[in-house]
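These notes are about the structure you will find just below.
Quick note: the coordinates plus some simple rules give every number you see, no bench work behind them. Please read these numbers as outputs of a predicted model, since none were measured by experiment. When we count neighbours, we look across all protein chains shown, and the Cβ atoms used for this are built from the backbone with ideal geometry, even at glycine.
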Amino acid sequence: MSGGTNKTFAVAITGASGAIYAVRTLRALLADGHHVHLAMSKYGRYVLHEEQDWSSDESLLDFLRRVGGDEVDHGTLEEHSVNDLTRSISSGSAPCDGMVVVPCSAKTLSAIAHGTSSNLIERTADVTLKERRPLVLVVRETPMNLIHLRNMVTVAEAGASVLPAMPAFYQKPTSFEDLGDFIAGRALGLLGLDHELFTRWTGPRD
Ligand SMILES: Cc1cc2nc3c(=O)[nH]c(=O)nc-3n(C[C@H](O)[C@H](O)[C@H](O)COP(=O)(O)O)c2cc1C
């Protein structure tokens, strides 16, 4: 982990498969001591519940503590309703060092590509782009149609980093957590953060 200055990031969880990537990203940002503004869409919550051992009876922070230990208390988590556009992260005047949408559905990708800003996730992504801060979209859909592909080009042209949920296998992952950490680590890297979530490729062994 960076161990450097604590920063503020927005994290959004939308209704694509791959909730483990969100969990590993949140754990890493919090363990590194950052302040995280979190917004979950209705289907983001649903998929998180389906894919992870979490139910909405438990706060997400308690869940992260249960799976990640006290390390997550190095940082702070501030959760917002996805329908509340009055939150600070809706405005470019609020301090924020970047945003990651993890996982990012094709629907939210489309909304960001077209600047609709109809919920807190879409608005915060729009603000992040207009303020020229790092925006990382962990897009997850397969196969992709031409609309998905064009929307990825549009957001990339607008300054976002498209980080498809495609973990690499050269680190020889042995668990789902390893796969999650690879994507979380790439997201942290694109946010400008150092991390030790996976071993970097340093060339052939011989
Ligand atoms: C179990 C489940 C898995 C889904 N997986 C994906 C997916 O991997 N990618 C995707 O683009 N949409 C997926 N969807 C569909 C989205 O949830 C749906 O398009 C929704 O409107 C997305 O809205 P949101 O971006 O506001 O969360 C899934 C839906 C469900 C119920």
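Excluding same-chain neighbours fewer than eight residues apart, the aspartates and glutamates reachable from Lys7 by a Cα-Cα span under 17 Å are Asp32, Glu71, Asp73, Glu78, Glu79, Asp97, Glu131, Asp194. Counting only residues at least eight positions apart within a chain, or on another chain, the lysines with an alpha carbon under 23 Å from that of Lys107 are Lys42, Lys130. When the chain is treated as a GNM with alpha-carbon contacts under 10 Å, the residue of Gly115, Gly18, Gly185 showing the greatest mean-square fluctuation is Gly115.
Annotation for region 1-71 versus region 180-198: alpha-carbon center distance of 14 Å.
In whole angstrom, the chain maps to an equivalent ellipsoid with semi-axes of 23, 21, 18, each derived as √(5λ) from the alpha carbon gyration tensor and ordered largest first. Free of any chymotrypsin sites (Phe, Trp or Tyr not before Pro) that DSSP assigns to a loop and that have at most 11 other C-beta atoms within 10 Å, the longest stretch within the chain is 1-168.
Exposure proxy shown here: for Ile147, Ile89, Ile20, Ile13, the number of other Cβ atoms within 10 Å sets the order, fewest to most, as Ile147, Ile20, Ile89, Ile13. Between Ser91, Ser175, Ser17, the Gaussian network model of the chain with springs among Cα atoms under 10 angstrom shows the greatest mean-square fluctuation at Ser175. Note on the chain: helix-only mean residue ellipticity at 222 nm, from DSSP H runs of 4+ residues weighted -39500 (n - 2.57) and normalised by residue number, equals -11500 deg cm²/dmol. Taking amide H as placed 1.01 Å from N in the peptide plane, the amide H of Leu38 sits under 5 Å from that of Val11, Glu78, Glu79, His80, each at least 5 places away or on another chain. Dipole of region 9-190 computed with +1 at Lys/Arg Cβ and -1 at Asp/Glu Cβ about the Cα centre; of Gly68, Gly98, Gly33, farthest Cα towards the positive end is Gly98. The GNM of the chain, with springs linking C-alpha atoms under 10 angstrom apart, assigns the highest mean-square fluctuation among Ser110, Ser59, Ser161 to Ser59.
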